[in-house]
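What follows is a short report on a single structure.
The values are calculated or read from the model by the stated rules, or taken from the named source; none is laboratory data. Keep in mind the model is a prediction, meaning the values are calculated, not measured. In this analysis, Cβ positions are derived from the backbone assuming ideal geometry, glycine residues included, and neighbour counts consider all displayed protein chains.
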Amino acid sequence: MKKYKIAVIGVGYVGLALSLGLASKGYEINCYDNNYEKIRKLLSGESYIYEENFNEALVANKNKLNFSSKLQQSDMYFICVNTPSLKSGKCDISRIFNAVDVIMRIDKKSPIIIKSTCEVGTSRKIQKYVNKNNGKNPVIFSPEFLSQGTAYKNMLTPDRIIFGGNDVQTLNELKIIFSNFTNNVLIMNWESAEIVKYTANALLATKIAAINEIANLCEKTGAAIKDVSFAVGLDDRIGEKFLNAGCGFGGSCFEKDIKALLYLSKKLKSNLKIFNSTLKANSYQRLVVVQKLKANFDNLKGKSIAVLGLAFKENTNDARESVGLYVVNELIKNLAEVRLYDPEAVNSFINEYEIKFKYKLDKKMFFNNIKQTIKNVDVCIILTSWEQIKNLTDKDIDEANPNMLIIDGRNCLKLTKNVIKIGG
Ligand code: UGA
């Protein structure tokens, strides 16, 4: 095995999973981030991201990982910086350009691989920029498919790995390195690789939005969505995954990527029609639990309501675009008394809530355990299927608060007592 030194720029979920995965295969990794706080934490041997196996992999691969706020010369450079949405839906690629500048200050010939999700056309733009600045670095685009909560596992066992670009030597080297993870390494042009990423996320989000709409219909017909999802999922052409109906998708990717796709389609006058409906359907779905509440109470004013699960999904401390943000805002607007619980995402939730609704939530609204949170409340709403939430037993509920109404926005509870679900 050729002993490559590989630089990873940006130590978020993507950069860290990539670094840990490559280090586990014996490559020496130079992890760089301009946020020294993150580097400091990682140097102390601890992941600042709550993610399964990150801490263990940090310890196990310690000798292969260098963390620094000064980029070290390497054989290739992976760019894993974030590309947030601008108001127009266009994604902001300025951090990618900044990373390219940092690389070109120390190396004008080694390959640059972009992992950050970016507008179609970005890789070509970056290659031109590199060449205009007298660089010979080949630019490759490699879309990322890892999910938060299972990022390390997804890194080690990917369904496929994709490289877009035209430098044959670099593509061959990447193929060898990544055949450590899968034989499904696909090579294509820049634009195809860029659009694969958006297509995958748009289809996944649309699958969820579609099953949620069917769930809402099930409620009106007497059908049960769990039986319907299971039955249709057995058809290989449909597939069983991403058919869990509930209170809608959250997270920093689906909505942002669909908006970017719609922005591109508008710019190129290609007139995509379906994905706008996906976003609309999801905005509606995020508040179905509030509708269910209102169907049970004339007025929410003064009602004591517990919300369990504030992260956008289980096993992550990330509350970006979580359903909880929208539900809690609606409850507060309706003057309910809100009690909140999440095992990991409280800080992120407070932050995101303040950014979105310009309001700082009082720490007193948050509780350290489920029992305290649901004590004496009128209603308990489930928004994230964390283990400790979905494993609640009848006995737990009877001991803590047997009379409250329970609305299970993730259809994850296994209680025998009466629970309001999504989709019957
Ligand atoms: C998503 C994609 O699944 C990844 O492949 C992609 O790499 C990533 O975005 C990205 O672009 O960075 P992620 O947002 O981490 O990953 O999490 P998902 O597991 O896709 O869940 C997203 C949301 O959909 C969550 O709120 C989850 O609760 C919801 N969901 C998921 C459902 O409501 N029903 C389902 O059946 C599945």
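Keeping to the range 379-399, report how many residues are out of contact with any Ser or Thr (no Cβ under 9 Å at 6 or more places or on another chain) and not in a loop (DSSP other than H, G, I, E, B).
Qualifying residue count for the region: 11.
Kindly indicate the residue of the range 20-43 that is of a type in the set (Ser, Thr, Tyr) and not in a strand (DSSP E or B) and also nearest to residue 82 (Cα to Cα) among those meeting that condition.
Among those residues, the one meeting the criterion is 36.
When you scan the range 183-194, do you find a residue that is within 15 Å of the ligand (Cβ to nearest atom), among the charged types (D, E, K, R) and either free of Cβ contacts under 8 Å to residues at least 60 places away in the same chain or closer than 30 Å to residue 420 by Cα (or both), even just one?
Scanning the range 183-194, I find no residue that is within 15 Å of the ligand (Cβ to nearest atom), among the charged types (D, E, K, R) and either free of Cβ contacts under 8 Å to residues at least 60 places away in the same chain or closer than 30 Å to residue 420 by Cα (or both), so the answer is no.
For the range 383-395, enumerate the residues that are under 9 Å from residue 410 (Cβ atoms) and either within 12 Å of the ligand (Cβ to nearest atom) or modelled with pLDDT under 95 (or both).
Scanning the range 383-395 gives 383, 384, 385.
Out of the range 363-378, which residues are under 26 Å from the mean Cα position of the chain (by Cα) and either without any contact (Cβ under 8 Å) to a residue 24 or more places away in the chain or assigned to a loop (DSSP other than H, G, I, E, B) (or both)?
If the condition is that a residue be under 26 Å from the mean Cα position of the chain (by Cα) and either without any contact (Cβ under 8 Å) to a residue 24 or more places away in the chain or assigned to a loop (DSSP other than H, G, I, E, B) (or both), then 363, 367, 368, 369 are the ones that fit.
Could you list, in sequence order, all residues of the range 314-339 that are free of Cβ contacts under 8 Å to residues at least 60 places away in the same chain and charged (D, E, K, R)?
Across the range 314-339, the qualifying residues are 330, 333, 337, 339.
Of the conditions (1) out of contact with any strand residue (DSSP E or B) (no Cβ under 6 Å at 6 or more places or on another chain); (2) modelled with pLDDT of 95 or more; (3) surrounded by 15 or more Cβ atoms within 10 Å (Cβ to Cβ), residue 252 fails just one. Which one is it?
(2)
Tally the residues that are among the charged types (D, E, K, R) and closer than 15 Å to residue 78 by Cα, restricting the search to the range 96-135.
Matching residues across the range 96-135 total 5.
Looking at residue 214, is it modelled with pLDDT of 95 or more, under 19 Å from residue 143 (Cα atoms), part of a helix (DSSP H, G or I) and away from the ligand (no atom under 12 Å from the Cβ)?
No; evaluated as a whole, the condition is false for this residue.
For a quick check of your reading of the model, give me the residue pairs whose first member lies in the range 251-270 and is within 26 Å of residue 384 (Cβ to Cβ) and in a helix (DSSP H, G or I), whose second is among the aliphatic types (A, V, I, L, M) and within 10 Å of the ligand (Cβ to nearest atom), with beta-carbon atoms closer than 9 Å and at least 6 apart or on different chains.
These pairs meet every condition: 254/204; 254/205; 254/208; 255/205; 257/200; 257/205; 258/205.
On the phi < 0 side of the Ramachandran plot and surrounded by fewer than 15 Cβ atoms within 10 Å (Cβ to Cβ), is that true of residue 179?
yes
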